[in-house]
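A quick write-up on the structure given underneath.
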Amino acid sequence: MCVLWLFTTIRTFLTTLYQIITIVIDLRPDLCPNKPSNCRFVKNQQTTMKTVIKTYLFLTIDATVLLFIGAQSSGPADLNQAHLTSKIHVGDDSVVFPGEIDALQPFNTSQIKRISVSDPSEIPNQFTDGQQRYYSPSDYVNAGNLNSEQQYATPYKLEYKYHHFDKMTEFLRQTTARYPALTALYSIGKSVKGRDLWVMVVSASPYEHMLGKPDVKYIGNIHGNEAVSRELLLQLIYHLVTSYNTDTYIKWLLDNTRIHIMPSMNPDGFEVSKEGSCEGAQGRYNSQGFDLNRNFPDYFKQNNKRPQPETEAVKEWIKKIQFVISGSLHGGALVASYPFDNTPNSLFTTYTRTPSLTPDDDVFKHLSLTYSTNHAKMSKGVSCQKSQSFPRGITNGAEWYPLTGGMQDYNYVWYGCMEVTLEVSCCKYPPAFELPKYWEDNKVALIKYISEAHRGVHGFVFDETGSPVEKASLKIKTRDVGFQTTKYGEFWRILLPGVYKLEVYADGFVPKDVEFMVVNEHPTLLNVTLQTAKQGQHFERPVTDPPKAVLQLDGMPPSKDALNFPQDR
């Protein structure tokens, strides 16, 4: 650990030195103002100088320390060693990248590969030097056998028991240490009590976004006492990494999707919950007494609840990564509940239980049915309480009961992410011996649901030069909840078979409408090229920007839905 501390200190110093040197290089007088023909040559010289200095400063020290660590290694790594931690950070450009040197393991150098490029000639010309990422040898992963089980003396397994924060963290670290080419572990922030909000990426490309392939997510344990969701997501991680080499469907899914799994959004609440408690609210809220699923901005009325660290972290997370589909796992019922959760007039609908339907109601019903019909019992309409009745195991959220500040409405309206609330157990915190039953009931449904990210339309928006158009606003004609392109010009939209029209708008370009067809067998690839607008041309932006929260239409104060309705969602 002393070596690693020294190594980190030296790298910090070298990083500062490198930044100073690059500033000096950039400020160096050149010939551009007087001889434009020399600009390209000078800039190439500057880039080459930076690359050489970077390589000399960092690779020398990296190689020295790696050799020292390798010389000190003797035999398989122990599962409980702290240096097996692999923590990464989410970058503003939606690319996940390594961030801690203590994740290093001895490598077989004959089987290494880079997870990204550092050679400027390999980077598309639309990305400037400031956007390039330079990787050190610590960013290499084992490209040989993705199942590295043979490195360890003890078997890799996940017991059917509840994992408190320390044990959950240990399992996640062990998993990413054993499967470094399939997993990456990062924290999006901390709870009120300072516990990390861990996310595990499971994918054939865990450390970086796969161009043109969707990012999806699962979030569990948003209510701390709804504990089954936490264990189901840990079991899902275990199943995905151990099945990659033996299950062709899982291999296809991980090769074409980046799956982000957050087992617990409310780790503080879980720690004070009680096993065997099927009802009640102990542990439901975060440590400051807030219901996290009532803490997001709301489309239909102002949410005046004070933002909490956990919800702020999730909001920042989904702002940085464009998720296509999401599942929020809860307990206390057995149903898939889809948006909207709120209505324009929640006081009135309190008594009428009127559905509040989105423009994508057909898609949300399909996604909900995908989960319920692949679940062992949900689609049979199994009732947890006499007052509950859910035909086919699905319901519109507001028709069940309206709530303000829900996470699924925020995902959909603000960022175009299709999120469904999945109630996976009648008992919120059942005895641990029942966990195998819950896993078997939900296993297929969890996998099939996120696979729906590959349904509908996807593609790129380019300008005339072939460069991607970032943050172009898009919407499907007649569906006024829109979505945007990523910095790489990518977009996705889940749609059922049919003929649609895509409306595309971007500042400085002529808007464009493109008609396309969606079939059931495979997603439709649709690439759109925008023409630059002429000087003086102005066009109206379609309704696709994240909206501001609005007051409910009758002007009434927010209803006390959290007190008057079952505490499930």
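The values are calculated or read from the model by the stated rules, or taken from the named source; none is laboratory data. Remember, predicted model here, so these are calculated numbers, not experimental data. Counting neighbours? That spans all protein chains shown, and the Cβs are built from the backbone with ideal geometry, glycine included. When the accessible area is computed, the model is the full protein with side chains, heavy atoms only, and any ligands, DNA or RNA have been set aside. Shrake-Rupley method; radii C 1.70, N 1.55, O 1.52, S 1.80 Å.
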Taking θ as phi - 60°, what are the ³J(HN,Hα) couplings along segment 427-438 by the Karplus curve (6.51, -1.76, 1.60), each to the nearest whole Hz, with x for Gly and Pro? 8, 5, 9, x, x, 4, 5, 8, 4, x, 5, 5
For segment 480-546, the percent of accessible surface on carbon and sulfur atoms (probe 1.4 angstrom, ligands and nucleic acids excluded) is 50
From the backbone phi of segment 192-202, what are the Karplus-calculated ³J(HN,Hα) couplings (6.51 cos²θ - 1.76 cosθ + 1.60, θ = phi - 60°) in whole Hz, Gly and Pro given as x? 4, 7, x, 7, 5, 8, 6, 10, 10, 8, 10
Just to confirm, what accessible area per residue do you get for segment 189-305 at 1.4 Å probe, in whole Å²? 30
Of Val519, Val272, which has the most accessible area with a 1.4 Å probe, and how do the rest follow in descending order? Val272, Val519
Just check segment 250-405 against the gyration tensor rule for me: Cα atoms, a ≥ b ≥ c as the square roots of the eigenvalues, rounded for a/c under 1.5, and otherwise prolate or oblate depending on whether a/b exceeds b/c. rounded
Greater than 23 Å apart at Cα, pairs in Lys315/Lys377; Lys319/Lys487; Lys315/Lys380: Lys315/Lys377; Lys315/Lys380
Test item: Cα-centred dipole of segment 359-418, Lys/Arg +1 and Asp/Glu -1 on Cβ, debye: 420
Any GluC sites (Glu not before Pro) in segment 386-477 that lie in a DSSP loop and have at most 14 other Cβ atoms within 10 Å would be Glu464
Phi to ³J(HN,Hα) by Karplus 6.51 cos²θ - 1.76 cosθ + 1.60 over segment 243-260, Hz, x for Gly, Pro: 9, 4, 7, 10, 10, 5, 5, 4, 4, 4, 4, 6, 6, 10, 8, 10, 9, 9
Take the solvent-accessible surface of the protein heavy atoms, probe 1.4 Å, and return the percent of it on segment 369-439 that carbon and sulfur atoms account for. 55
For Leu357, tell me the accessible area in Å² from a 1.4 Å probe, rounded to the nearest 10. 90
Percent carbon-and-sulfur accessible area, segment 213-327, ignoring ligands, DNA and RNA, probe 1.4 Å: 48
Report the per residue volume, in Å³, of the convex hull enclosing the C-alpha atoms of segment 356-478. 149
Using amide H atoms built 1.01 Å from N in the peptide plane, name the residues 5+ places from Gly459, or on other chains, whose amide H lies under 5 Å from its own. Phe491, Leu526
I'd like the accessible area for Glu159: 1.4 Å probe, protein heavy atoms, all chains in place, Å² to the nearest 10. 100
